[in-house]
Amino acid sequence: MSNLSRLRSLWRNLIHRGRVDRDLDDEVRGMFDLLVDEKRRSGLTLEQARRAATIELGRADVLKDGIRDVKAGAFLETWVQDVRYAVRLLRRGPLFAAFAIASLALGIGATGAIFSLFDGIALRRLNVPEAGRLVVASWGEPGGRYNYSLPYPQFEAIRQRSTTLDSVSWHYPFGRVAVGVRDDAETADGVYVSGDYYRTLRLAPALGRLIDRADDRPGQTVAVLNHAYWQRRFGGRTDVIGTTISLNRIPFTVIGVEPSGFSGTEVGRPYDISIPIQASPALNEGRPPLNGAFTTWLYVLARLKPGVTLAAAEQESRTIFSQVTIDAASGASQFDQRLARQSRLRFESGARGSNSDLRDGYQKWLRLLLMLLGAVLLLASLNVATLLLSRSDARQREIATRLAVGAGRWRIVRQFLTESLLLAACAGALGVAIAVWGSRTLLRIAIPAAERAPLVLGADWRLMLFTFGVTAVTCLLFGLLPALRATSSRRFVGTRQVGGGRPRRLLDRTLVAAQVAISLILLVAAGLFLRTLGNLWAQDPGYNRGNVLMLSADPRLAGKKADDVARTCRRVLDELRLVPGALSVTMSAVRPVSDDSYFVTSFRKIGGKTLTQDQRVRAAFNHVAPGYFGTLGIPLLAGREFDERDTTESPKVVIISERMARHFEGNPIGQRLDQGPDAREVVGVVRDVRYARVKDAEREVVYFPAFQFPPKGFHTSQTFEIRYAGSAADILPSIREAVFRAEPALTIFRVKTLERQTEESFARERLLALLTSYFGAFAVLLACIGLYGLMSYAVTQRTAEMGLRLALGAPPSAVRWLVVRESAWTVIAGAAIGLAAVAAVVRLVQSQLFGVEPYDPAAIAGATALLLGMAFAAAYLPAQRASRIDPLTALRHD
C-alpha cells in the first residue's frame with residue numbers, strides 16, 4: 001500500500017468512523033452468509049451450517065475487534081478512548097487529581113526554573129555564526145589559578161605570528177560612561193574593542209557598519225551601539241547613523257548598530273556602546289598600557305582556521321606567548337622572571353563566550369540546586385506512585401473483569417500509563433508557567449543587579465524540551481510501577497485477597513521509606529544553609545552597618561578632567577555635610593562589602609626590614625577621605641585618623657589594619673611603609689575589617705588619604721558614605737539636591753544602605769537557604785501524606801483483624817501501638833537510609849557553607865527530630881481511627 005493510500009485510509013477511519021463501522025458490519029455479515037451458503041451446499045441443514053460458520057469465523061464482535069486492531073489509525077483511536085476514560089476517572093477523584101498535579105507541577109516547575117537559569121548562565125552559546133570555532137585565552141601557572149586577562153604585547157605577537165588562528169581580537173569593559181544626545185545625558189556601559197573584534201565574531205550590522213581595523217587608529221572617535229540600547233535610547237531610529245553623541249562630554253560619531261540578539265561575549269557584563277581602544281586617550285587623558293608585558297587587562301577572543309584543532313592552536317600560541325614573556329622578563333625582578341618561566345597559555349572553547357564572573361560564581365550552586373530539586377521531583381513522583389497504587393486497589397474488580405473477558409495485560413498497562421501521562425502532561429504544562437515565572441523571580445533574588453544581566457529567560461524550545469523530558473521521566477517513575485503491579489497475575493488469586501498481600505505492603509513501605517530518606521536529606525541541607533545564612537548575618541564585618549547610606553559617582557561622566565576630579569569630590573563632600581540629618585560624611589575608592597573593586601599591592605619594606613621578592617607582604621588597599629573610620633564605625637586602635645592636613649603638599653602617610661600591624665617590629669606608629677615609588681609614615685592603626693566580601697577572611701589592609709594623590713593618581717569613581725539620623729527615604733531627596741548643588745552634571749548611581757549592601761553580598765546563600773527550606777518542608781509534607789495513606793490503607797485492609805482484637809478484649813491503646821509500631825519501622829528504615837546518604841551528599845555542599853561543619857550535629861539532629869515528629873503525627877491519625885473501630889461492624893467487613 002502506498003503512503004497516499006495509507007493516509008486516505010487513516011483519514012477515512014478517523015473522520016468517518018460511523019460509515020466505516022457500517023461497512024465492516026456489512027462485510028462481516030456478507031462473509032458469514034457466504035460461508036453458510038457454502039456449508040449448505042455441502043449437505044448441512046441451515047441450523048448446522050450456521051453453527052459450523054460461527055465456529056469457523058468466531059464471534060462476530062471478536063472478529064470485528066480483530067479487524068479494527070489492524071486497520072490504519074487503530075492505535076490512535078484506542079488511545080483517544082483511553083484518554084477519555086482517564087479523564088472520567090480523574091473527574092471522579094478531583095482531590096487526588098488536584099494534589100497529584102499540584103505536587104508534580106511544583107517539582108517540575110522548580111526544576112525547570114533552575115534549569116532556565118543554569119542554561120542562561122552556563123550552557124547557552126553565543127548568538128554568532130560558527131560559535132564552536134571560537135576560543136578564549138588565559139594564562140597562569142600549571143596547577144594554579146588562570147588569569148583570563150592578557151598583556152597587550154603577548155596578544156599582538158600572537159595576532160601577527162599565528163598561522164592556526166583565522167583572527168584574534170580582544171575587548172576590555174571600561175564601565176560607565178555618560179552618553180549625551182543633544183542636551184540629554186544618561187549613564188551607559190562601554191567596552192573597548194580591537195579592530196578585529198566584530199570580524200572574529202562574524203557579526204553583520206543591523207544598521208550602518210561595525211568597527212574594523214581602519215577605525216582602530218589614533219584620532220578615530222567612532223562608536224557602535226548595542227541593538228537593545230539603540231532601541232531603548234534612540235527608539236530604533238535609522239537616522240542615528242552619522243549623528244554625533246558625546247561620551248563624557250567628548251564627541252563621538254555613531255557608525256553602526258550591532259545585530260539583534262547579541263548582548264556581548266560575557267554573561268552578566270552587558271555593554272551599550274563599543275569604541276576602539278585608540279579612542280581611550282580622549283576619555284581617560286592617557287594612553288592604555290600597551291607596552292606592559294606583565295600588565296593584564298585584555299580579554300582575548302580568537303577564531304580557529306577551518307580544520308585546525310584547539311590543541312594545535314594552543315601549542316603554537318603558547319610558544320609565542322612564552323617567547324615574548326621570557327624576553328620581556330630579562331633584566332626584570334626575580335619575581336617576574338620566575339613568573340615568565342612558569343606561566344603557560346591556555347585555550348578553551350569560546351562557544352559560550354569569554355570568561356564570566358557571573359558564570360564562575362553561579363554555575364556551581366545552580367548545579368547543586370538542580371540536584372536538590374531533582375530529589376524533590378523524585379519525591380513527588382514516589383508519592384504519586386503510592387497514591388496510584390492505592391487507587392489501583394479500589395479498581396481490583398474492574399481489572400480482574402477486564403482480564404477475564406480477554407483484555408491483554410499490555411492493554412490495561414497502556415490504560416494506566418495513559419492516566420499517568422494525563423497527570424504528567426497537566427503538571428508539565430503548569431510546570432512551564434511556574435518555571436518561567438520562577439526563573440525570573442529567582443534571578444532577582446540571586447543576582448541583585450539582574451536587570452543588567454543579559455540573560456534570555458522564557459518559554460523557549462530549550463526549556464520546553466527539558467520540561468518534556470522531565471515530564472516523560474516523571475510519568476514513567478510514578479506510572480509504570482502501579483500499572484505493572486495492578487496487572488500482576490499474583491494479585492488475582494481470589495477476590496478477597498486482591499492487593500492485600502505481603503508483596504503489596506512491602507512495595508508501599510519501600511516507597512514511603514524512600515520518601516522519608518529523601519526528605520531527611522533535604523531537611524539536613526536546609527538546616528546547613530540556614531545556619532550558614534545566620535552565621536553570615538551574625539558575622540562582624542568590622543563596620544557598623546546601621547544607618548549608613550552609600551552612593552557612587554564618577555566626575556569623569558560629567559566631563560571633569562584629572563586636575564578637577566578631586567576638587568569636584570571635595571565640593572560634593574562639603575555640600576553633603578550640610579544636609580540636615582547627615583551626622584558624618586566621607587568617601588572611599590572601594591565600596592564596603594562589595595567585590596566590584598578589589599585593590600591589592602605588595603610592600604617591599606616594612607619598618608626597618610627590607611623584604612625579598614618572595615617575602616613581600618601583599619595587602620589590600622583603599623583610598624579614603626577624612627572621617628572614613630568614624631562614619632563606618634571602624635574603631636581606631638592607635639594613632640590618628642586622616643584629616644584635612646593630609647594633602648599633596650603634606651608628608652605622605654598611611655593607616656593600617658591590625659593584621660598589617662603585626663608585620664612591624666614594635667609599635668608601628670611612626671614607622672615607614674615602602675610600596676615602591678615612595679615611603680609613607682604609619683599614623684594610625686584601625687580594627688580589621690572584611691575588605692570586600694563578608695565571607696572573606698580578615699586580611700592586611702592599608703588605607704591611603706584620598707586627597708594626598710596628584711590628579712593623575714586620584715581614583716575618579718568614588719563612593720560617598722553618609723551616616724544619617726532617621727530613615728534613608730527621608731534624607732535621600734536632600735542628598736540628591738546637595739549633589740546637584742555641588743555639580744549639576746554629576747550623576748549618582750548604586751544608591752544603597754550599607755545594610756542592604758551586606759544583604760546582597762550573600763544573595764546566593766539566602767537563595768539556597770530559602771529554596772532548601774521551602775522544598776524541605778514540602779518534602780516532609782509529601783512523606784507524611786505518603787505515610788498517612790499507607791497506614792490508612794493498612795487499617796482498611798485489616799479492619800476485620802482490628803475488630804477481632806478489640807472484640808477479644810484488646811485495649812484501644814494496644815491497637816494504636818500496633819499501627820504506630822508498623823509505621824515506626826518504615827520511618828526508622830527510611831531515616832537510616834537518609835542518614836547514610838547525608839554522609840555522601842553533604843560533601844557536595846561543603847564549599848557553600850560558612851561557619852558550620854558539613855556534619856553539623858545540630859542540623860542533622862534537628863532535621864531528624866522534625867521528620868520523626870511529623871511522621872509520628874501522620875501515623876497517629878490512622879492509629880486513632882483504628883482504635884475506634886466498632887467490633888461488630890468490623891467482623892461483618894468484607
What ranking, highest mean first, results for peptides 579-588, 420-429 when packing means the other Cβ atoms within 10 Å averaged over each residue? 420-429, 579-588
Based on Cβ point charges of +1 for Lys and Arg and -1 for Asp and Glu, what charge dipole magnitude is obtained for the stretch 705-785 about its Cα centre, in debye rounded to the nearest 20? 180
When ligands, DNA and RNA are left out and all protein chains stay put, how many square angstrom of accessible area per residue does the stretch 194-246 have with a 1.4 Å probe? 45
Surface per residue (accessible, 1.4 Å probe) for the stretch 103-151, Å²: 32
Could you order peptides 523-531, 409-417, 122-130 by the average number of other Cβ atoms within 10 Å of their residues, highest first? 523-531, 409-417, 122-130
Starting with the highest mean, order 700-709, 742-751 by the number of other Cβ atoms within 10 Å, averaged over the residues of each peptide. 700-709, 742-751
Summarise the accessible area of the stretch 108-174 (1.4 Å probe, protein heavy atoms) by the percent that is carbon and sulfur. 46
Going by accessible area, probe 1.4 Å, with all protein chains left in place, what is the ranking of E419, E141, E38, E649, largest first? E649, E38, E141, E419
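Could you work out the relative contact order of the stretch 726-863, using alpha carbon pairs under 8 angstrom and six or more residues apart, expressed as a whole percent?
About 13 percent, as a whole number.
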For the stretch 781-865, with all protein chains present and a 1.4 Å probe, just round the carbon and sulfur fraction of the accessible area to a whole percent. 69
What shape does the stretch 522-652 take by its C-alpha gyration tensor, where a ≥ b ≥ c are the square roots of the eigenvalues and a/c under 1.5 counts as rounded, a/b above b/c as prolate, and the rest as oblate? oblate
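How high is the relative contact order of the stretch 192-304, given as a whole-number percent (alpha carbon pairs under 8 Å, six or more residues apart)?
With pairs under 8 Å counted, the relative contact order is 34 percent.
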Heads up, I need the accessible area for S246: 1.4 angstrom probe, whole protein in place, Å², nearest 10. 30
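The values are calculated or read from the model by the stated rules, or taken from the named source; none is laboratory data. Not measured: the values here are computed from a predicted model. Don't worry about glycine lacking a Cβ; one is built from the backbone with ideal geometry, like all the others, and counts go over all protein chains shown. Ligands, DNA and RNA are excluded from the accessible area calculation, which covers all protein heavy atoms including side chains. Shrake-Rupley method; radii C 1.70, N 1.55, O 1.52, S 1.80 Å.
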